[in-house]
Amino acid sequence: MSQIQELQTEWNQIKSQVETVQAQYTLLRRQRGGFHLKLMFPQDNRPESLAEYRQTCEQEMKKWQFNLEELDRELKSVRLKLKKVRAQLIVKQTKLYELQAQQKWPKICEQVQVVNQLAAQLEQALQILWQQAHDFQPRVGSWLPEHPQLVQFPAQVTIPTATAQDDCFAISNQLGNLP
């Protein structure tokens with residue numbers, strides 16, 4: 001198995017971990033957001049009912065507070081785990097890009113040379129065409145009212161070329177050298 005395929009396999013595994021941890025995080029956030037407050041009222045204003053009401057409220061508040069604190073701890077833990085797994089994914093992705101670039105770079109350099117050779121041939125062919133079009137001299141000048149234009153050239157002719165830039169090649173247009 002090539003190094004790129006191994007990295008791709010590792011990347012896929014880490015990506016599935018990211019998705020799993022993201023799903024955990026989403027579930028915990030939904031649980032945290034799903035807490036709601038129950039309003040309870042005593043059935044009557046007798047001292048026993050009010051005492052029972054207060055005791056029930058205190059128990060519910062403690063339980064509610066404990067559950068929220070536990071959920072907050074889990075959320076924080078899962079959030080940190082998610083950041084860690086995403087960082088691993090970025091590292092693997094960077095290595096994968098680097099290996100793919102190393103593998104493809106020689107082919108790209110060859111293709112850039114081909115493009116520039118074809119651009120030079122195109123420019124030479126355009127110069128020949130321009131020269132042939134302007135060398136037209138009719139034998140009998142009286143049969144045409146004015147000199148015919150066999151080929152129309154724009155004021156500027158551009159030819160695509162590939163040039164090296166910082167860390168890549170760029171396709172740009174170069175002005176053709178027509179007289």
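The values are calculated or read from the model by the stated rules, or taken from the named source; none is laboratory data. Everything quoted here is computed from the prediction, not taken from an experiment. Glycine also receives a Cβ, built like all others from the backbone with ideal geometry; neighbour counts cover every protein chain displayed. In case anyone asks, the SASA skips ligands and DNA or RNA and just uses the protein heavy atoms, side chains included. Shrake-Rupley method; radii C 1.70, N 1.55, O 1.52, S 1.80 Å.
As a test of reading the structure, rank 70, 48 by solvent-accessible area (1.4 Å probe, protein chains only), most first.
Numbers: 70 65, 48 115 Å².
Output order, biggest surface exposure first: 48, 70.
Could you please state, rounded to a whole Å, how far the C-alpha centre of the stretch 11-29 is from the C-alpha centre of the stretch 91-122?
Between the Cα centres of the stretch 11-29 and the stretch 91-122 lies a distance of 35 Å.
Given the Cα-Cα distance of residue 58 and residue 121 and 0.36 nm per residue of separation, how much length would full extension add, in nm?
Details: separation 63, 0.36 × 63 = 22.68 nm, distance 8.83 nm.
Extending this stretch completely gives an extra 13.9 nm.
How would 118, 7 rank on accessible area, largest to smallest, probe 1.4 Å? Mind dumping the intermediate values first?
Working: 118 100, 7 20 Å².
From most accessible down to least: 118, 7.
For the stretch 94-111, take each phi angle, set θ = phi - 60°, evaluate the Karplus expression 6.51 cos²θ - 1.76 cosθ + 1.60, and give the result in whole Hz per residue in order, putting x for glycine and proline.
Per residue, the Karplus-derived 3J(HN,Hα) values read 5, 4, 4, 4, 4, 5, 5, 5, 4, 6, 8, 4, x, 5, 5, 4, 4, 5 Hz.
Say a paramagnetic label sat at a point 7 Å from the Cα of residue 24, along Cα to Cβ; which residues of the stretch 67-85 have their backbone N under 19 Å from it?
68-85
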